[in-house]
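J.: Take a look at this one; I'll ask things after.
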Amino acid sequence: MGSHSPEQAECLNVAIIGGGLCGLALAVALKQRNIGFKVYETRSSFTEVGAGINIGPNTLEAFRLIDGELGEAYLDMAARNPPDRQDVWFDVRLGAAIDSHRDGERVASLMAPPTGSMCVGRDALLQLLAERAGLIDGVGRQRAAFNKKLVGLENTVCGVTMSFEDGTFEQASVVIACDGIHSAVRRLMIDPDSLAATPGFSQAGGYRAMLPFQKLEMLLGPQMARTSQVFLGPSGYLIMYPVSETIMNVALWVWRRGTWPHREWVLPNQRSAMEQDLQGWGATVRSIMELAPDPPFFAGHYYHTQPESHWKGRVCLIGDAAHAMPPHAGSGAGQAMEDAYVMAEVLSSAAEFAPTEAHVAAALSAYEAVRRPRYERVVAASVKGMHDWSDLYDVPVTEERLTEWIELAKSRFEFIWKHDLAGDASRARASMQQKAVL
Ligand SMILES: Cc1cc2nc3c(=O)[nH]c(=O)nc-3n(C[C@H](O)[C@H](O)[C@H](O)COP(=O)(O)OP(=O)(O)OC[C@H]3O[C@@H](n4cnc5c(N)ncnc54)[C@H](O)[C@@H]3O)c2cc1C
């Protein structure tokens, strides 16, 4: 962390656009480093409807580096696998019988020691981050501005002027865009008509449901019903993991080749489409999905094309605004947490200089040079993940293919989970300081 005094650091006034997971993680990290910030959120509070966020060991490490107590707080809240299976990330099972294996049979366990699968509800995680950022009580509340939809940005030599939909203007020395996959900042920063300005369809989507353990137990027995599972199947996969003491998050992901024809990304009441998609699957997955007879379908999107740079002047994109990815590696929020930590570290380094425009530019370019190769590799793995989980049944499944699949699956997440994030931050800080003194 930076060695500057709080007085010096206040010279750097960071505007965080978007109070989702990434924006609030950055707020926590900046607070810990005594950097001045304000969060601008378009909604009226830090709340979000949505399922759980499942994280891997790299994300837990990012939490710990952001704020020493955050990692432990996450672990305390997290829904995990039963005590005797806590180092399991997911059990892998067959979603349809093959020659020598029955429907539903476990063929592998993907391990993520020592924690295994860890999941908390999105809303609970947002509340935790808002508390740790000091945005809930006392004077800290002034650092959160709600009903503030950013609509314009102007870079000047001494700062950035932000304009909001309500007709107000505010100034900051640096703007960090955490405004998600529909990022307004991204469209303001690059040509809004370019391919890179808009996310594209991933050609896959998921039927989603939250199912009580009690009902799953009657189908699957107590062990399977409470442990995170992936079922491989014909042209898709089913994933389920505990999100609380009583509830499993379940999603059946399937291919939907071609373009996405609807304006909305979530279609309600998709029973008949799901029945079509379940053709060829075995009784186990069919009976799980019968517990959610008329689920919504969510169409996955991500940025297919990237601009040359994720920063310009005093503005930088992080989190989903920079690299929204399909959820097939469970890593979108994790990458956002890694971004928040490294960004806070380079800004902390810049704050040591009573920063000018050149210092801010040095910080943002050092950030991108270190972070971008990492998150682009994770995006590529997430896109490929849909193939990895769902292509096994494309041709007849032989014992040899299954063994090969299992071996590959065991190592696929290693590079995501075992990463020297503190080393990234040191490199970014060193590079920032080198650029700043030139
Ligand atoms: C189905 C699904 C399952 C997923 N599961 C996982 C998982 O298990 N693990 C994992 O690591 N990741 C997962 N992800 C990815 C994860 O949800 C995202 O990567 C993460 O939410 C990104 O955080 P963010 O803060 O960048 O964006 P968001 O969470 O989208 O937050 C953006 C915020 O910006 C605000 N905002 C938007 N526009 C403006 C504006 N103009 N002005 C002001 N504020 C604005 C929004 O209201 C919102 O609060 C999943 C994603 C999906 C779709």
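J.: Give me the percent of accessible area attributable to carbon and sulfur for segment 296-364, probe 1.4 angstrom.
T.: Answer for segment 296-364: carbon and sulfur cover 55 percent of the accessible area.
J.: Could you sort 395-406, 329-340 so that the peptide with the highest average Cβ count within 10 Å comes first and the rest follow in order?
T.: Output ranking for 395-406, 329-340: 329-340, 395-406.
J.: Across the Cα atoms of the chain, what radius of gyration and what greatest pairwise Cα-Cα distance (Dmax) are found, in Å?
T.: 22.3, 70
J.: Indicate the gyration tensor shape class of segment 13-89 (rounded, prolate or oblate), computed on the Cα atoms with a ≥ b ≥ c the square roots of the eigenvalues: a/c under 1.5 is rounded; otherwise a/b larger than b/c is prolate and the rest oblate.
T.: Oblate, since a/c reaches 1.5 and b/c is not below a/b.
J.: How much accessible area per residue does segment 36-105 have, in Å², with a 1.4 Å probe?
T.: Each residue of segment 36-105 exposes 39 Å² on average to a 1.4 Å probe.
J.: Within segment 55-113, what whole-number % of the accessible surface is contributed by carbon and sulfur, with the 1.4 Å probe and all protein chains included in the calculation?
T.: 45
J.: Still on this model: Hand me the tally of lysine pairs in the chain: alpha carbons under 24 angstrom apart, and the pair either on different chains or 8 or more positions apart.
T.: Close lysine pairs found across the chain: 11.
J.: Have a look at Q306, L278, V266 and report the one farthest towards the positive end of the charge dipole of segment 206-318, computed about the Cα centre with Cβ charges (Lys/Arg +1, Asp/Glu -1).
T.: The Cα lying farthest towards the positive end belongs to Q306.
J.: While we're here: Quick one: of the DSSP bridges fully inside the chain, what percent are antiparallel, nearest 5?
T.: Once the DSSP bridges in the chain are tallied, antiparallel ones form about 75 percent.
J.: At 1.4 Å probe size, with every protein chain present, just tell me what the per residue accessible area of segment 173-316 comes to in Å².
T.: 44
J.: Quick check: residue separation of T168 and V49 times 0.36 nm, minus the Cα distance between them. What number comes out in nm?
T.: Taking T168 through V49 to full extension adds about 40.0 nm, to one decimal.
J.: Further question: Going by Cβ distance under 4.7 Å, what cysteines of the chain have no possible disulfide partner?
T.: C11, C119, C158, C316
J.: Right, something else. Would you mind putting 128-136, 383-391, 83-91, 269-277 in packing order, based on average other-beta-carbon counts within 10 Å, highest first?
T.: Top to bottom by mean Cβ count within 10 Å: 128-136, 383-391, 83-91, 269-277.
J.: From the residues S411, V185, A366, which one has its Cα farthest along the dipole of the chain in the positive direction, the dipole being from +1 and -1 charges on Cβ of Lys/Arg and Asp/Glu about the Cα centre?
T.: Projecting each Cα onto the dipole axis, the largest value belongs to V185.
J.: Tell me the trypsin sites (Lys or Arg not before Pro) within segment 146-240 that lie in a loop according to DSSP and have at most 16 other beta-carbon atoms within 10 Å.
T.: Hits after loop and neighbour filter: K149.
J.: Further question: Roll a 1.4 angstrom probe over the protein heavy atoms and tell me the percent of accessible area of segment 388-438 that is carbon or sulfur.
T.: 56
The values are calculated or read from the model by the stated rules, or taken from the named source; none is laboratory data. What you see is a predicted model, and the numbers here were worked out from it, not measured in a lab. In this analysis, Cβ positions are derived from the backbone assuming ideal geometry, glycine residues included, and neighbour counts consider all displayed protein chains. We work out accessible area using only protein heavy atoms, side chains counted, and drop any ligands, DNA or RNA first. Shrake-Rupley method; radii C 1.70, N 1.55, O 1.52, S 1.80 Å.
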